[in-house]
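The values are calculated or read from the model by the stated rules, or taken from the named source; none is laboratory data. These numbers come from a predicted model, not from an experiment. With ideal geometry, Cβ positions are generated from the backbone for all residues, glycine too; neighbour counts draw on all protein chains shown.
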Amino acid sequence: MANNSYIGGSIDIAASPAEVWAVVSDLQRMGEWSPQCRKMIIRGGAVRHGTRTVNINRQGALVWPTRSVVTAFEPEKTLQFQILENRTAWTFELEPTATGTRLTESRTTPRGVSAISNFLTENVLGGTEKFEQGLQRGIHQTLQRIKAAAESR
């Protein structure tokens, strides 16, 4: 996979950045939002820069663990974590709007993707193109679910 490939999307939410941040930064609820990351186990207390997580991912019958570390934590603005096994970065960016907040979620590969991850994606998860199309759909679903949660607060 090429360096710094981007998969992402944005959604407008009728809630303040503080209300959206309260949902997004509660990483132990990630399993409620993401169709692939079914659970994030937070290690070491409150989520902040440097927090480590253990993640349980699922696609169909396949289940696999990953580990991540929070690499950016700027309340009401940016939350990013990097998956240690494949070097991908997942970012949530919040931007105030006239009617609430625009939330952008993205997956980038600033250092490329690890060779083992590329091998497994190609040979176990159906190929990179299919896998990344699934990630794009998953980002859309995640954003819709976060919007529903933030707007119902």
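Remarks
- Contact annotation: residue pairs with Cβ atoms under 9 Å, 6 or more positions apart or on different chains, pairing a residue in the stretch 41-57 that is β-branched (Val, Ile, Thr) with a partner that is assigned to a loop (DSSP other than H, G, I, E, B), are Ile42/Thr51; Val47/Ser25; Val47/Asp26; Thr51/Gly44; Thr51/Gly45; Thr53/Val47.
- The residues listed here are Pro35, Pro17; of these, the one that is in contact with a Gly (Cβ under 6 Å, 6 or more places away or on another chain) and in contact (Cβ under 8 Å) with a residue 40 or more places away in the chain is Pro35.
- If you go through the stretch 25-44 and pick out every residue that is more than 10 Å from the chain's Cα centre (by Cα) and either over 18 Å from Gln136 (Cβ atoms) or part of a strand (DSSP E or B) (or both), you end up with 13.
- Of all residues in the stretch 32-56, those being touching a Cys at 6+ places or on another chain (Cβ under 9 Å) and crowded, with 17+ Cβ neighbours inside 10 Å number 1.
- For Pro65, the conditions (1) surrounded by 15 or more Cβ atoms within 10 Å (Cβ to Cβ); (2) in a strand (DSSP E or B); (3) within 16 Å of the chain's Cα centre (by Cα) all hold with the exception of (1).
- Remark: pairs (first residue in the stretch 112-137, assigned to a helix (DSSP H, G or I); second residue of a type in the set (Phe, Trp, Tyr); Cβ separation under 8 Å; 6+ apart in sequence or on different chains) = Thr121/Phe131.
- Odd one out for Gly112 among (1) surrounded by 15 or more Cβ atoms within 10 Å (Cβ to Cβ); (2) touching a Phe, Trp or Tyr at 6+ places or on another chain (Cβ under 6 Å); (3) not polar (S, T, N, Q): (2)
- Only one of Glu105, Glu93, Glu85 that is part of a loop (DSSP other than H, G, I, E, B), buried (at least 16 other Cβ atoms within 10 Å of the Cβ), at pLDDT 90 or above and not aromatic (Phe, Trp, Tyr): Glu85
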